[in-house]
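Heads up: the structure comes next, in structure tokens.
All of the numbers you see were taken from the coordinates with simple rules; none came from a lab. Just so it is clear, the structure is predicted and the values come from calculations on it, not from any experiment. As a convention, Cβ positions derive from the backbone with ideal geometry for all residues, glycine included, and neighbour counts pool all protein chains shown.
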Amino acid sequence: MSNPNHENGENNENDNEDLLTLSLSSNSRKRPATPSLPTTQIFMRAPCTPSNTNNINNAIPANSNSQPRRCRRRRSAFEEKSETIPPPFPWATDRRATVQNFSYLIENRILAIKGLVECKSCKKKFEMVLDLRNNLSQLLNFIDKEKKNMHERAPKVWMRPVLLRCEGCGEDNSVQPSFENTKKKNINWLFLLLSQMIGCCTLAQLKYFLKHNNIHRTGAKERVLYYSYMCLCNQLKPYHPTPILDSNTTSSSSCRP
């Protein structure tokens, strides 16, 4: 007869061997790697001061979608427009929107004032010549007669000047000053004054003139145009017997009698 205890011992040894084999086979399998969590960059914004502005800007991640703040560059003193320019005409000074006085023109025999004009109908351009003495005399006589009725506003004849007849096509009231490709600093102010066609200028051109003569330039065109005529007359005839421009209108010596 077989011994039961002996059989139980053999069975236990077999079970232990099976458990050892199972344990070794389980440990030999690779465990799946645990996925790593994505790292998040966290930045704390400090109060913006001149000392830490650069540090804050450097802390922005490279992959950030925010655009850098554009800084407006201030115009330096060298980039400001100079008040002096090359004289655009023999009867103009080296200052913007300023003409020579009558005495200078007579002494230098600048008696014929030329200007470029254009026909509104046929678009023909040609040069017009004005006599300094005759045209200025007509203008000053008109001002002496009508100034008290103007009330610092340009009369209708200045607001809507009667234009000349075109020599090319024969169209009446069609010849006007030509401003094509003309910068404001190169406007022929004396020609416009003597021909009494300053009213053909735009409001922006008139304000440019008043700006560089330190004259109040707000208001309707009839007032801005009036000041433009008066200031040019004072530049040309600063010692005219009748005061042309009131002393409280301007702080500039260029238009003061």
Over all directions, region 83-236 yields a Cα convex hull whose mean projected area in nm² is 9.1
Strictly over 30 Å apart at the Cα level, which of 123/183; 124/237; 183/237; 124/184 would you flag in this model? 124/237
Spatially proximal lysines relative to residue 156 (Cα-Cα < 16 Å; intrachain offsets below 8 disregarded): 145, 147, 148, 221
Per-peptide average of other Cβ atoms within 10 Å, ordering 164-176, 137-149 highest first: 164-176, 137-149
Amide H to amide H under 5 Å from residue 164: which residues, 5+ apart in sequence or cross-chain, H placed 1.01 Å off N in plane? 174, 175
Region 147-191: proportion of alpha-carbon pairs further apart than 16 angstrom, %: 59
Through the Karplus equation 6.51 cos²θ - 1.76 cosθ + 1.60, θ set to phi - 60°, convert the phi angles of region 138-154 into ³J(HN,Hα) values in whole Hz; use x for Gly and Pro. 4, 5, 5, 5, 5, 5, 4, 7, 10, 4, 5, 9, 7, 6, 6, 9, 5
